[in-house]
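Reviewing the structure listed below.
The values are calculated or read from the model by the stated rules, or taken from the named source; none is laboratory data. No experiment lies behind these values; they were computed from the predicted model shown. Virtual Cβ from ideal backbone geometry, glycine too; neighbours counted across all protein chains shown. The area values use the complete protein model at the heavy-atom level, side chains included, leaving out ligands, DNA and RNA. Shrake-Rupley method; radii C 1.70, N 1.55, O 1.52, S 1.80 Å.
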Amino acid sequence: MQIERYQIDELNQEHLADHKRKLEFVSHDLAKPDNVIQKLKIFNIAIPSWALGTGGTRFGRFSGGGEPRSLEEKIEDVGLIHALNRSSNSISLHIPWDIPENASSIKALAAQLGLHFDAVNSNTFQDQPGQKLSYKYGSLHHVDKAVRKQAIEHNIEVIKYGIQLNSKALSVWLSDGSNFPGQLNFRKAFQNTLESLQEIYEALPDDWKVWIEYKPYEPNFYSTTIGDWGQSYLLASKLGNKASTLVDLGHHLQGANIEQIVSLLLMEGKLAGFHFNDSKYGDDDLTVGSINPYQLFLIFNELVEGMDARGMNHATDIGWMIDASHNVKDPIEDLLQSVQAIKIAYAQALIVDKSALQAAQNSNDVTLAQEILQKAYRTDVRPLIAEASLQSGGSLEPVNTYRKLKVRKHLIQERGSKTVATGL
Ligand code: RM4
Ligand code: MN
Ligand code: MN
């Protein structure tokens, strides 16, 4: 199924007068509302191929109807999201869940929908059918050189798939770690990981990057070999310029100050990008902005300030991706909500009065600093996002339009009510 532009335009018409009124209201108080709208128009967030089906937990999986049965159908779904919000123009593939068997036809399909391919993700946290050696005790950090070699070769294969699709980055997340004290020699595990990554690094084309993700626990519950940003940063520094640290919001212990981590990684030129999601307890992979939108805003506040300080392009100099898995929602609705939450936080960060904040910081006016931040956070910026979408040919209200057009019903008719997408 494809959504036609006229269908979106028709539904936009119904809300246009209301939208204009709200836009005027918020614009009145802003110094340069058009600048914010222009920045929002070019801001895109990649959709992960593994998020288009209903996710599961280790207790079960309750698939929804009309889930994509193939990579082609996943690309179609991202096309639907992008048609609605004009902010999701790329897809991030997980190999081997989504192997592009025929790269040129996959690329053509994506291009037809205005999409391209973001980072490719390797997977050495599961054993695949027919795989020679097991990753039960890890992959790139494994005590057995032969297992490490197999995992290195997998990553190099993923790079090759990515090259065919014009991806420019390999994203590596390892589940390597230990479950019990004494199981692992931490230093040797780290060194093995570094050496393995060095071999993968050697296989990167000149214009490629490798992004190293960290996570404190799960599936291992005593130690993870790349457990926090310090460990990822250390690896990225030793590897070289093409390596940097990827921040997945759910991969922190409770109470961690993620915005401070982001600020320092940016300062060092080592912030690769994001896996956005939200969480209450751990790596919950909930809809972005559903639990702690204030934290998301504070992160974007550091991002905007830090990127501007380095003269970076907000839209292209960092990898923006969602990494979530939806257990009960319609995945497309959930992704639309996530993209919307990210754009809200970004727009709020853009309207922070930076010079006033700096002055307040320099005079230790703590109260005023908080007032300035929260003034931006409490501004309803949704009309600015709606306007950016409208100007780009998208919907004023993506979720609403998706429902009005009965997209899921059409997908179920096309694909069936009992389909299961590859992924988690
Ligand atoms: C991990 C990590 C990776 C993601 C897998 C599915 O927790 O976040 O980025 O690819 O889950
Ligand atoms: Mn992730
Ligand atoms: Mn995760």
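Numbers for the structure displayed
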{"read-out": "For the range 1-160, accessible area per residue (1.4 Å probe, heavy atoms of protein chains only), Å²", "value": "48 Å²"}
{"read-out": "Mean separation of Cα contacts under 8 Å, 6 or more apart, over the residue count of the range 321-419: relative contact order %", "value": "25 percent"}
{"read-out": "Accessible-area composition of the range 289-379, carbon plus sulfur, in percent [1.4 Å probe]", "value": "47 percent"}
{"read-out": "Estimated translational D of the range 68-171 in µm²/s (Stokes, Kirkwood radius over Cα pairs; 37 °C; 0.692 mPa s)", "value": "223 µm²/s"}
{"read-out": "Cα-based convex hull volume of the chain per residue, rounded to whole Å³", "value": "142 Å³"}
{"read-out": "Of all accessible heavy-atom area on the range 1-150, the percent that carbon and sulfur account for (1.4 Å)", "value": "52 percent"}
{"read-out": "Within straight-line cross-link reach of K375, lysines at Cα separation under 30 Å, skipping those fewer than 8 residues along the same chain", "value": "K20, K22, K32, K39, K41, K280, K343, K354"}
{"read-out": "Counting all C-alpha pairs of the range 4-57, share separated by more than 13 Å (%)", "value": "76 percent"}
{"read-out": "For the range 190-276, accessible area per residue (1.4 Å probe, heavy atoms of protein chains only), Å²", "value": "41 Å²"}
{"read-out": "Coil-residue GluC sites (Glu not before Pro) of the range 1-71, DSSP, other Cβ within 10 Å capped at 11", "value": "E4"}
{"read-out": "Per-pair calculated FRET efficiency, R0 = 41 Å: A17 and N313 via Cβ, rounded to 0.05", "value": "0.70"}
{"read-out": "P(r) tail fraction, the range 69-126 - alpha-carbon pairs more than 13 Å apart, %", "value": "59 percent"}
{"read-out": "Equivalent ellipsoid semi-axes, the range 213-322, via Cα gyration tensor eigenvalues times 5, rooted, Å", "value": "21, 19, 11"}
{"read-out": "All-pairs Cα distance distribution in the range 1-134, expressed in whole percent, bin size 10 Å", "value": "10, 30, 29, 19, 10, 2, 0"}
{"read-out": "Other-chain or far-sequence residues with amide H under 5 Å of A46's (modelled H)", "value": "W320, M321, I322"}
{"read-out": "Heavy atoms of I156 accessible to a 1.4 Å probe, total area in Å² rounded to 10", "value": "40 Å²"}
{"read-out": "Cα convex hull volume per residue for the range 245-376 (Å³)", "value": "108 Å³"}
{"read-out": "Scaled radius of gyration (Cα, divided by 2.2 N^0.38 Å) that the range 163-279 gives", "value": "1.06"}
{"read-out": "Relative contact order, percent, the range 1-113 [alpha-carbon distance under 8 Å, six or more residues apart]", "value": "29 percent"}
{"read-out": "Longest segment of the chain lacking chymotrypsin sites (Phe, Trp or Tyr not before Pro) that sit in a DSSP loop with at most 10 other Cβ atoms within 10 Å", "value": "63-280"}
{"read-out": "Linear extension gain, Q164 paired with I42, 0.36 nm per residue minus alpha-carbon span", "value": "41.4 nm"}
{"read-out": "Normalised contact order of the chain, rounded percent, pairs of Cα under 8 Å and 6 or more residues apart", "value": "24 percent"}
{"read-out": "Paramagnetic reach from Q413 in the range 74-103 [backbone N under 19 Å; point 7 Å along Cα→Cβ]", "value": "76-77, 80-81"}
{"read-out": "Length gained when the stretch E218-S104 is fully extended (0.36 nm per residue, less Cα-Cα span)", "value": "37.4 nm"}
{"read-out": "Cα gyration tensor, the range 149-197 - rounded (a/c under 1.5), prolate or oblate", "value": "prolate"}
{"read-out": "Helix-only [θ]222 nm of the chain, DSSP H runs n ≥ 4, -39500 (n - 2.57) each, per residue, nearest 500", "value": "-15000 deg cm²/dmol"}
